[in-house]
Amino acid sequence: MARRSSQTPPPEDFEERILDIDVVDEMQGSFLEYAYSVIYSRALPDARDGLKPVHRRVLYQANEMGLRPDRSHVKSARVVGEVMGRLHPHGDASIYDTLVRMAQPFSMRLPLIDGHGNFGSLGNDDPPAAMRYTESRLTAASMAMVESIDEDTVDFSPNYDGSEQEPGVLPSAFPNLLVNGATGIAVGMATNMPPHNLGEVVAAARHLIRYPNADLDALMRFIPGPDLPTGGRIVGLSGIRDAYESGRGTFKIRAKVTVEDVTPRRKGLVVTELPYNVGPEKVIAKIKDLVNAKKLQGVSDIKDLTDRSHGLRLVIEVKNGFVPEALLEQLYRLTPMEESFGINNVALVDGQPLTLGLKELLEVYVDHRFEVVRRRSDFRRRKRQERLHLVEGLLVALLDIDEVIAIIRASDNTAMAKERLMERFSLSETQTVYILDTPLRRLTRFDQVELEAEQDKLHNEIQALTEILESDTVLRKVVSDELAAVAKKFGTERRTVLLEAGAVPTAAVPLEVADDPCRVLLSSTGLLARTADAVQAVDSESGRARHDVIVSAVAATARADIGAVTTAGRVLRLPVIDLPSLPPSSTTPTLSGGAPVSEFLKLDAGERVLALTTLDESSPGLALGTEQGVVKRVVPDWPENKDEFEVIGLKDGDRLVGAVELRTGEEDLVFISSDAQLLRFQASQVRPQGRPAGGMAGIKLADGATVLSFTAVDPSGEGVVVTVAGSSSDTLEGLGGLGTAKATPFDQYPRKGRATGGVRCQRFLKGEDKLVLAWAGATPARAATANGSPAELPGRDPRRDGSGVPLAKEISAVAGPA
């Protein structure tokens, strides 16, 4: 069976007509219509108020909804729905994106929407929440944009379906296009304008109002360059001048970075401001990619410490051995921490897209404000004239109120009363209707006084408004004063620093720290540091500072390794570059800027670092002394592939009490025991041994005695022996009654043979039965308390076995020149 066609057959009188149209002409015409629609209705801002249609519709509709700053927030979805249903014939996504951007303080120099909720983050790293979750209202600045819009200041036109009226431009009490900038991509053209400082833009506009023939140089004295919401540093001002002159130009924006000590042992680059529209996540991702690709060296870690309280804070930790300033230059070159901004000042002027310079932008805005103020003044004058007309009629009626009432009562109807009043008092129809509508309670003597005062006020206001309309000078003054008031209310300090291209140094230093000579120091409180200074001794106690007792110091280079000798008989390898570098100091050796040993070395419980040593195999090696009186000279055979190794085989219960790197091999080795015995013998009496050896007898100890101190002293120099006596209940950390101390010239103690008992170095007083602290070395000797504070030593006592003098301050450590 044949299938019946579903199409309705044409009527019998239907005449088919086909028009031949050139497809080229049709495409050209359609494309031009589309391009004009995009340019005029969507993508480019108006040069007068700096707004695209969607921005203008959002602000206007929010104002119509009464979403003023003194009202509560409403759901953003409600605003979007009103704008879409009444004014904007497009999707809700574009409307909400517009609303979000106007609420972002990092996108707008002067935000126009007060947002409540998640409105995104810098660089769109964190997208905004859906419009059903966020709330919004107008800001005080946006109220200035729509101020006096109901006073016939701008033209209105029908919306997309003719059911509503919308403004073609907003009154715009401040130059929004320059202050907040604009971006947009149209067909065959685009705009990209940076934000500026409101106070600077208003100052330039007021100067142009006063001097219409001002040149660009005069205006740039007020507006030296853009002022971005995110701050940063603009490098190179020539491109800015090109843009202000021709409407097109390019400049570079750099992040604001400072070099700080992020840890006691490591420096970091702290980023507090990023280029415009660049977020920290983008920077972090780029740095990680470069590090993984081995195109960027010197970065050890990246931390994003940004929060609401402190703002942006991106910490880039720098590896030890790399120069932070040189690394920063690489980051500028390879990452978004330096971005280019291309200015393209394209905006609509009388419906036509034009590329405008700074002066043209200000002229268009100033002319717009002239027109707004002129139309507003004319509207207000008309309203006041209409009111004055009514007031004058009412005053006429009050002069003979009895006759007015009589005429009204004698009339048959309202029309008759109106005609008789108009004829009797020569009133207009408007005045007469107003008199008839006025309640009798207002026709009193008191109201007459009020009406006369209102009449005088209206005359003065009409006169002032007439002066604005008739005098160009007065009009300019009004516009200038209003701009000054806006700048005073909303103006803020400049955030972006402007720098000439040559003001920022380029990478003129190597990336890695040079392998320069230095000295590594260990303080009595366990602080480590390196310094390029030659540390000198200070005899005067007035030059003392905290942590200035340096128990060990070795010469090294910045990129070398040294060894740290511990009480467990181990040497731990320590890279010098990891240590904090002390600034140039005075002649006072101090480690106040050092870092604790625990930050660099992993020590066992009860283990501590005794001394530092170079890992130079050409030296005479180490001399070691243990608590049980063993001495050892170690052959300098240091393994290169180990970070730690033993240098002595200790017996059970024994530990190192002293370690000294010999310089000549001709030094005297000195043991001092807890029972006040001192043994001095030549280092040449100790045969060097390999690292696993256990050493040989150094001092013969009495029963119950232990070694307190083991040092090496150059016999050719001046030396001193310092001892502190106490009771058996005292310890090294706390002396109870502080004890007695004695300082004796080193040459008072004769040399004895190795493995002998030595000679007595201090005579105990009543209550004293042991030494709690002892040291022998070169002068001058320095003493410190447990927390590193300087302590004073007694004067020299030539008696090698004399008694000590009471201490004024507890002593925990003694050392000689570094």
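Of the helices (runs of 4 or more DSSP H) lying entirely inside segment 188-256, those carrying at least 2 residues that are over 15 Å from I343 (Cα atoms) are 198-210, 216-220. In segment 784-797 there is no residue that is buried (at least 22 other Cβ atoms within 10 Å of the Cβ), in the same structural domain as L669 (by TED's automatic domain parsing), in contact with a Leu (Cβ under 7 Å, 6 or more places away or on another chain) and at negative phi. For first residues located in segment 771-783 and in the same structural domain as A553 (by TED's automatic domain parsing), partners that are at pLDDT below 90 and among the charged types (D, E, K, R) and lie 6+ apart or on another chain with Cβ distances below 9 Å form the pairs V772/D730; T779/D539; P780/D539; R782/R544; R782/D548; A783/E792; A783/K809.
Exactly one residue out of R687, R663, R655 is at pLDDT 90 or above and closer than 21 Å to S552 by Cβ: that is R655. Among the residues of segment 737-773, those that are on the phi > 0 side of the Ramachandran plot, surrounded by fewer than 20 Cβ atoms within 10 Å (Cβ to Cβ) and in contact with a strand residue (DSSP E or B) (Cβ under 8 Å, 6 or more places away or on another chain) comprise L738, A755. Within segment 621-634, being more than 53 Å from the chain's Cα centre (by Cα) and either part of a loop (DSSP other than H, G, I, E, B) or β-branched (V, I, T) (or both) holds for T626, E627, Q628, G629, V630, V631, V634. Among the residues that make up segment 277-286, is at least one of them modelled with pLDDT of 90 or more, part of a strand (DSSP E or B) and not assigned by TED's automatic domain parsing to the domain that holds I577? For segment 277-286, residues modelled with pLDDT of 90 or more, part of a strand (DSSP E or B) and not assigned by TED's automatic domain parsing to the domain that holds I577: absent. The single condition from (1) over 28 Å from K383 (Cα atoms); (2) surrounded by 18 or more Cβ atoms within 10 Å (Cβ to Cβ); (3) aliphatic (A, V, I, L, M); (4) in contact (Cβ under 8 Å) with a residue 12 or more places away in the chain that M84 fails is (4). Go through the residues of segment 262-276 one by one and say whether even a single one is in contact with a helix residue (DSSP H, G or I) (Cβ under 6 Å, 6 or more places away or on another chain) and closer than 30 Å to L110 by Cβ. No; the residues of segment 262-276 include none that is in contact with a helix residue (DSSP H, G or I) (Cβ under 6 Å, 6 or more places away or on another chain) and closer than 30 Å to L110 by Cβ. So in segment 182-201, with the set limited to residues that are of a type in the set (G, A, S) and modelled with pLDDT under 95, which one is surrounded by the fewest Cβ atoms within 10 Å (Cβ to Cβ)? Only one residue fits best here, namely G188. In segment 222-230, the count of residues that are crowded, with 21+ Cβ neighbours inside 10 Å, polar (S, T, N, Q) and at pLDDT below 95 is one or more. Based on what the data block shows, is V707 more than 55 Å from the chain's Cα centre (by Cα), touching a residue at least 60 places away in the same chain (Cβ under 8 Å) and either surrounded by fewer than 17 Cβ atoms within 10 Å (Cβ to Cβ) or more than 26 Å from L656 (Cβ to Cβ) (or both)? No. Look at segment 675-690: where a residue is on the phi < 0 side of the Ramachandran plot and a partner is part of a helix (DSSP H, G or I) and hydrophobic (A, V, I, L, M, F, W, C), sitting 6+ places away or on another chain with Cβ atoms under 9 Å, you get R680/F746. Scanning segment 421-477 for residues that are closer than 24 Å to I408 by Cα and hydroxyl-bearing (S, T, Y), we see that the one that is surrounded by the most Cβ atoms within 10 Å (Cβ to Cβ) is T432.
The values are calculated or read from the model by the stated rules, or taken from the named source; none is laboratory data. Here the structure is a predicted model, which is why all the values come from computation and not from measurement. We place every Cβ from the backbone using ideal geometry, glycine too, and count neighbours over all the protein chains shown.
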